[in-house]
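Please read the structure below before turning to the comments.
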Amino acid sequence: MTAPVKEKTTFKPTHYQQLVNGQWEDARSGKRFTRTSPFDGSPVATYPDSGVADAEAAIVAARHAFDATSWPTRPAAERAGILLRAAKLLRDSADEFTDSIAREVGKPMWMSDREAPAAAAGFESAARLAVEAHGDAITQQTPTALGLTIKEPIGVVGVITPWNYPLILVARKVGTALAAGCTVVCKPSHYSSGAALLMARVLAEAGLPAGALNVVTSSEDEGALVGQYISFSDKVDMVTFTGSTDSGKAVMRAAANNVKRVALELGGKSPNVIFADADLEAAAEGAIAGVFNNSGQICQAGSRLLVQKGVKDEVVQRVVRLMGALTLGDPLDPKTKLGPLVNERQLKRVERYLSEGKKEANLVVGGGRPTDHALANGHFIEPTLFDEVDPASSIAREEIFGPVLSVIEFDSAADAVRIGNDTIFGLAAAVWTKNIDTAINVAKGLRAGSLWVNCYHGAGISGQPFGGYKQSGLGR
Ligand code: NAD
């Protein structure tokens with residue numbers, strides 16, 4: 001039995017408030033902004049358009065909660081208990097999160113559904129870290145002295161996030177910061193602020209004290225200013241940022257103001273490398289999941305498919321056949337495999353790369369907007385495959401962040417490693433082969449923060465470090 005398509009006529013846009021020092025409130029300016037559906041342009045939610053005055057109030061609240069309340073010095077088990085209660089509440093209210101994410105991001109139900117359980121698992125893992133973290137005793141070096149290291153919370157942490165995983169990314173950062181005894185000022189993306197506010201409500205219900213987590217919501221223009229303000233502030237001790245490489249550089253520059261710690265999770269152009277001896281059907285399925293899930297709007301998307309000479313045409317045929325099953329549609333319809341892109345700007349960006357690709361490579365399938373009238377009001381792009389892509393061309397080197405796959409042929413393992421590493425990014429990679437020597441050597445040669453063998457996106461393994469080489473980020 002499939003779940004019914006949500007009834008749109010009864011839907012009313014949600015009217016949100018921001019959370020500052022335990023109070024749900026409007027922006028100090030009184031201004032609001034509206035998020036519209038990427039599927040049909042209808043209003044989905046309205047938010048306070050918070051500016052720097054709101055950000056300052058949130059920072060002051062977080063500073064006070066860290067410097068003058070018991071939050072950072074409470075027994076770790078108490079902080080863990082709050083996170084575990086919040087994890088249960090997240091699971092219990094998963095449908096509300098799914099609905100908000102599907103409507104705001106355009107992410108189909110089968111993917112939106114995964115966010116609340118994954119965020120809950122993140123809280124549970126943070127709760128374990130809270131009670132297990134410990135320092136060391138240095139006992140052997142002199143007969144009379146004993147050295148101790150202790151783990152301490154860093155202080156106030158700024159959390160700045162993008163829209164593509166609006167709950168998981170926020171929960172992972174906020175959960176670990178709170179587990180350590182830090183306090184938080186969070187600024188989610190203006191395209192998907194609902195999930196962060198719903199998560200804040202859940203944490204408050206679970207017993208999180210006022211000021212430990214503050215969430216401000218801002219429109220696109222105010223958002224960059226508020227992000228800069230948090231990154232610059234003397235009162236903030238660390239900023240953890242996920243987003244584009246350009247914004248990450250701006251965060252890093254601002255953070256130099258008080259030499260605050262910075263964690264950056266940025267863009268990617270990840271190689272998915274298929275050798276001739278691989279299970280080609282499994283590799284083709286991996287290529288599909290690698291680049292088309294969430295319509296390609298995944299930082300780790302395997303957007304470059306490197307295929308060994310001799311099997312390239314066969315792999316392209318298999319991938320094209322599987323692409324036929326990628327049904328575009330309403331994100332709220334359980335049958336939909338791919339939803340729209342998140343916004344007009346992203347649509348224009350992908351269209352620009354499609355027209356460059358048509359000049360630079362051989363377009364095999366897709367390459368434009370779908371002709372189906374039912375999709376006319378959404379930011380849809382057909383799943384697209386370019387073959388015979390020049391490794392030096394823009395569609396081979398730049399992050400498109402859309403459902404576009406660039407196929408590049410290679411000769412040898414050394415060739416694959418050279419082409420695979422030839423971008424400014426180093427976020428993820430995969431290798432498909434039955435030869436263990438090839439797997440290990442190519443995996444070691446590729447400069448990627450996450451590397452998979454005979455799968456893409458990690459086959460469900462969680463708890464591994466996450467981050468990137470080169471301009472894909474800083475920190476794990
Ligand atoms: P973005 O950089 O435009 O925005 C991300 C966040 O930063 C938003 O909250 C935004 O308001 C804020 N921001 C924008 N300009 C800022 C500035 N100058 N200073 C401080 N904050 C600023 O990114 P996006 O379009 O929301 O997300 C897509 C990008 O995110 C892609 O490049 C993708 O690869 C990347 N991403 C990376 C990861 C990862 O873990 N490596 C995960 C998801 C997304």
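Observations on the structure shown:
- Folded to 0 to 90 degrees: helix 76-92 orientation relative to the chain principal axis, Cα: 50 degrees
- Gain upon complete extension [residue 415, residue 12; 0.36 nm per residue less C-alpha separation]: 139.6 nm
- By other beta-carbon atoms within 10 Å, ranking 15, 379, 64, 373 with the fewest at the front produces 373, 15, 64, 379.
- Nearest-ten-degree value, helix 168-180 long axis tilted from longest Cα axis of the chain: 30 degrees
- Only alpha carbons enter this Debye calculation for the range 263-322, each as an equal point scatterer, and the log10 of I(q)/I(0) it gives at q = 0.17, 0.24 Å⁻¹ is -0.55, -0.94.
- Partner aspartates and glutamates for residue 88 [C-alpha distance under 17 Å; skip if fewer than 8 residues away on the same chain]: 78, 96, 113, 115, 124, 205
- Per-residue ³J(HN,Hα) for the range 108-114, Karplus 6.51 cos²θ - 1.76 cosθ + 1.60, θ = phi - 60°, Hz, x for Gly and Pro: x, 3, 5, 9, 4, 4, 7
- Cut-off under 5 Å, modelled amide H: who pairs with residue 14 long-range: 45, 46
- The range 299-352: proportion of alpha-carbon pairs further apart than 16 angstrom, %: 64 percent
- Taking the DSSP bridge list for the chain and keeping only pairs wholly inside it, about 30 percent are antiparallel.
- For a label point 7 Å along the Cα-to-beta-carbon line of residue 257, residues of the range 57-83 with backbone N under 18 Å: 57-64
- For the range 330-344, the Karplus equation 6.51 cos²θ - 1.76 cosθ + 1.60, evaluated at θ = phi - 60°, returns couplings of 5, x, 7, 8, x, 7, 6, 9, 10, x, x, 6, 5, 7, 4 Hz by residue, with Gly and Pro reported as x.
- Each principal axis of the Cα cloud of the range 23-115 was taken in turn, and the coordinate range along them, longest first, works out to 48, 36, 15 Å.
- Each peptide in 67-77, 123-133, 353-363 gets a packing score, the mean of other Cβ atoms within 10 Å over its residues, and the list from highest to lowest is 123-133, 353-363, 67-77.
- Where only alpha carbons of the range 60-113 are counted, the Rg and the Dmax (Å): 16.4, 44
- Ranked list, fewest to most other Cβ atoms within 10 Å of each Cβ, for 176, 144, 336, 46: 144, 46, 176, 336
- Measure of compaction for the range 223-357 (Cα Rg per 2.2 N^0.38 Å): 1.37
- Backbone N atoms of the range 320-357 closer than 19 Å to the 7 Å Cα→Cβ label point of residue 372 belong to residues 320-343, 347.
- Paramagnetic reach from residue 78 (point 7 Å along Cα→Cβ, amide N under 19 Å) across the range 206-243: 206-214
- Convex hull volume of the range 153-203 per residue (C-alpha atoms, cubic angstrom): 60 Å³
- Look at the dipole of the chain built from charges on Cβ: of 365, 346, 52, the Cα furthest out on the positive end belongs to 52.
- Working note: Debye formula, equal point scatterers on the alpha-carbon atoms of the range 123-228, no solvent; log10 I(q)/I(0) at q = 0.11, 0.16, 0.17, 0.21 Å⁻¹ is -0.43, -0.73, -0.79, -1.08.
- Descending Cα extents along the principal axes, the chain, whole Å: 71, 66, 45
- Dimensionless Rg/Rh of the range 374-476 - Kirkwood Rh, Rg from C-alpha atoms: 1.01
- Secondary-structure-derived ellipticity at 222 nm for the chain, considering helices only, amounts to -12000 deg cm²/dmol, per-run term -39500 (n - 2.57) for DSSP H runs with n ≥ 4.
- Above-threshold pairs, the threshold being 20 Å between Cα atoms, out of 235/470; 107/337; 309/434: 235/470
- Sorted largest first, the spans of the alpha carbon positions of the range 285-393 along the three principal axes are 41, 27, 26 Å.
- Cβ-based exposure ranking for 107, 88, in which fewest neighbours within 10 Å come first: 88, 107
Readers should treat all values here as calculations from the given coordinates under stated rules, not as data from a laboratory. Quick caveat: nothing in here was measured; it's all calculated off a predicted structure. Note: ideal-geometry Cβ built from the backbone for every residue, glycine included; neighbour counts use all protein chains shown.
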